[in-house]
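Where a number appears in this text, it was derived from the coordinates with a stated rule and is not lab data. Here the structure is a predicted model, which means the values were calculated and not measured. As a convention, Cβ positions derive from the backbone with ideal geometry for all residues, glycine included, and neighbour counts pool all protein chains shown.
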Amino acid sequence: MTDKNRTVHIVDDDEAIRQSVGFLLRKAGYAVETYPAGTHFLKAVTRETRGCVLLDVRMPDLDGFEVQSRLAQTGIALPVIMLTGHGDVTLAVRAIKAGAIEFLEKPFERSALLAAIESALAHATRSDREHLAAADAIVRLAALTPRERDVLDGMVLGRPNKLIAYDLDIATRTVEVHRANLMEKLAARSLSDVLRIAFAAGLGETAEPA
C-alpha cells in the first residue's frame, strides 16, 4: 500500500495531462489523485491531506495562483509545484514568491518532474516535523507556572540569572530554583534544550535581544 505522504495531487483541466502524468507517477511508485478543476481540488482537500500538488496555472474556473492562495488562507500547507504551457520569467517569479516549491513548463522532462516532486515531498516532511515539534513544545510550556514562564522569557532573551532576578524583583537564588524547575518540567538537560523548545513554541520570535 502506497504511503499517503507520497501522494501527488494533479490539478489540471487537460485530461491528457492528468492521464499521462498520473500514469508516469504511478509507475514511479507514487499514489496519485487527479482533479479537473481547482474547485474540485479545494472541495476535496483538508488540513489532514498529505503529499504535494501539481497545479496548472491556467484553468477556466480558478487559476493556479488563486487555488494556491486559497490553500494558504485555509491553513492547508501542501507544497505546490506550478505547471504551465505558457511559462515565462514573470510567471515563474510570481509562483515562487507565492510559495511554490518549483515551476515547470510543459512539456517537462520526466527527470525534472520526479526531482521536483521529491523536493516537494521532502519539504512536506520537514514541515510535518516542525508542526509536531511546535505542538509538543506548546504542551510542555503549558505545564509551567507564570513565574517560571517569566524566567523562561528572560532565558530566551539571553539574560543571566542576576539580570532576570533584577527584572522580576526577586532573589537570584529564586531565579535559579525556577530555572531548575522549568528545566525539569520541559525535560531539558541543557540551556540549548530549553531554547530549542521555546523557539519551537514560537517564543522569542519578536523579542529584542538583551
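Among the residues of region 151-167, how many are crowded, with 17+ Cβ neighbours inside 10 Å and not aliphatic (A, V, I, L, M)?
Of all residues in region 151-167, those crowded, with 17+ Cβ neighbours inside 10 Å come to 151-156, 159, 161, 164-165.
Cutting the leftovers down to not aliphatic (A, V, I, L, M) gives us 153-154, 159, 161.
Result for region 151-167: 4.
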Would you check if LEU54 is part of a helix (DSSP H, G or I) and in contact (Cβ under 8 Å) with a residue 40 or more places away in the chain?
-> no
Answer yes if at least one residue in region 7-19 is in contact (Cβ under 8 Å) with a residue 12 or more places away in the chain, of a type in the set (Ser, Thr, Tyr) and farther than 18 Å from ALA95 by Cα, and no otherwise.
-> yes
With (1) closer than 20 Å to PHE108 by Cβ; (2) in contact with a Leu (Cβ under 9 Å, 6 or more places away or on another chain); (3) assigned to a helix (DSSP H, G or I) as the list, and LEU42 as the residue in question, which single condition is left unmet?
-> (1)
